[in-house]
Amino acid sequence: MTGSVRQQQIRSDTRGLVARTIELPDRPDLLAVAGDDGLLWRDERGGIAAHGTAVRLDLPGGLADSEAVRRVGEALRAIRVEDEVGLPGCGPIAVGALPFDPTAAGWLTVPRRIVGRISDRAWLTTIEPADGSAHPDRSPAPWPRPASSGSEESPDQFSLTPSLPHAAWKALVGTAVERIQAHDFDKVVLARRIDISANRSFLVGDVLARLVALYPSCIVFSVHGFIGASPELLIARTGDQVMSHPLAGTVARSGDAHADEALTAGLLASGKDRGEHQVVIDVLQAALTPVCRELDVPQQPSVMALRNVSHLATLITGRLDPATPETALELVARVHPTPAVGGDPTDVALRYQRAVEGFDRGRYAGPVGWVDARGDGAWAIGIRCAELNGPHARIYAGVGVVAGSDPADELTETQLKLQALLAALVRP
């Protein structure tokens, strides 16, 4: 991951740290606070923007290592807290974008400076050694800061290279449909990757601002070079309340109200799309039921309309059982990867993905978000995303392949989804 060598020099324990949270009188612009090199997780209600590293928390066995996931909560609770606000996200938090592969090593950052906002309330948290000694991370963390310096220019020349030619990718989908018809698995999500090279470095703050403008209802994030505008909430926990908003099933939007109404009606009536969506809901319900005393799963999906596509969506809400008070990160480990980004059965679908996609997904379709010392937090699925490295970017889009999937239609769906990041990155 970007910045991993430098991060290895940062302390990895929380002993002797204190987190001080004060209320801010005004609502901060989280994009301006994050700038080009900060951490950002922003939705319609607010979010967090952060800088610096107080602690790095490693997950050497990934989310599959339940003991390491549990220790994240212990590390956060070991930090002394002075908090005059008391909202979710106040005090110390751990922020990360974790790999799609639940067994792959990942890490979380406990930032030194965190600015948070929920609706009309905002706060600033600083984390420093309690004894007043110098912090191992000596990098400056000013706040607020501009999104980018005025002397830099965005790139204006681009080349795009797909991971597979169109014909080869359609053949890949066709073979997957044959495997499904042979009952090898019921669903597999297959992704395409597009590599972009530009004549100048991408300006992260500018790209994030365009994503917010283009997709205001999405979760816009930036974590160590991994950016995006995800429409899909994987897990949110506030106290004993838990929520998930999975998506599966997609149709294009035309821009014409009458035509879009017909397209939406067709999506809701589609047996293929409804079946694909129900697989996701059933798996999430089965995963969350053991830790919830109440779980509300609507019988019928709704439709989430975005700029150029609409998705079938189901808002799942519940109350955690006090006997099993899992943190937001533990809940993420419980449900990831869902069939919305993996397949069904999960293990079989993941093996098939690795065998045929032709690239390592890295953080694409992995969980991205934050967890605090109380166990509260919010995590999106890292889709509609890009990995940025100077003048280079990698963007991704996947589709759920089920019985009845048409390779040409699935290719078109990836092209629609890729437009989310292309519209923010490629500005000739």
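Read-outs throughout are calculated quantities, based only on the coordinates presented, and are distinct from any laboratory measurement. Quick caveat, the model's predicted, so the values are computed rather than measured. Cβ atoms come from the backbone with ideal geometry, glycine included; neighbour counts cover every protein chain shown.
Distance between the pseudo-spin-label points of THR412 and ASP37 (7 Å out from Cα toward the beta carbon): 4.6 nm.
Across the range 222-227, rounded Karplus estimates of 3J(HN,Hα) from the backbone phi angles (6.51 cos²θ - 1.76 cosθ + 1.60, θ = phi - 60°) give 8, 9, 6, x, 9, 10 Hz, Gly and Pro being marked x. The residues neighbouring TYR364, those whose beta-carbon lies less than 11 Å from its own, together hold a net charge of +2 under the Lys/Arg +1, Asp/Glu -1 convention. For ALA104, the residues whose amide H sits under 5 Å from its own are LEU63, ignoring neighbours fewer than 5 places away on the same chain, with H placed 1.01 Å from N. Length available on full extension from GLN299 to ASP156: 0.36 nm per residue minus the Cα-Cα distance, which gives 46.7 nm. The charge dipole of the range 4-129, taken about the Cα centre with unit charges on the Cβ atoms of Lys, Arg (+1) and Asp, Glu (-1), comes to about 260 debye, rounded to the nearest 20. Across the range 403-412, computed HN-Hα scalar couplings (Karplus, 6.51 cos²θ - 1.76 cosθ + 1.60, θ = phi - 60°) run 4, x, 5, 9, x, 5, 5, 5, 4, 4 Hz from first to last residue, x flagging Gly and Pro.
Reducing the range 319-346 and the range 100-131 to their Cα centroids gives an inter-centroid distance of 21 Å.
Rounded to 0.05, the FRET efficiency of the ALA262 and ARG15 pair, given R0 = 60 Å and the Cβ-Cβ distance, is 0.45. In the chain, the calculated helix contribution to ellipticity at 222 nm averages -8500 deg cm²/dmol per residue, counting -39,500 (n - 2.57) for every DSSP H run with n ≥ 4. Once the dipole of the chain is set up with Lys and Arg at +1 and Asp and Glu at -1 on Cβ about the Cα centre, which of GLY16, VAL341, LEU214 lies farthest towards its positive end? In the chain, that residue is GLY16. The stretch between ALA423 and LEU24, if pulled fully straight at 0.36 nm per residue, gains 140.2 nm over its current Cα-Cα span.
Name all residues of the range 310-352 having a backbone nitrogen under 20 Å from the label point set 7 Å from the Cα of ALA182 along its Cα→Cβ direction, giving them as ranges. Under 20 Å, as judged by backbone N against the label point of ALA182, lie 343-352 of the range 310-352.
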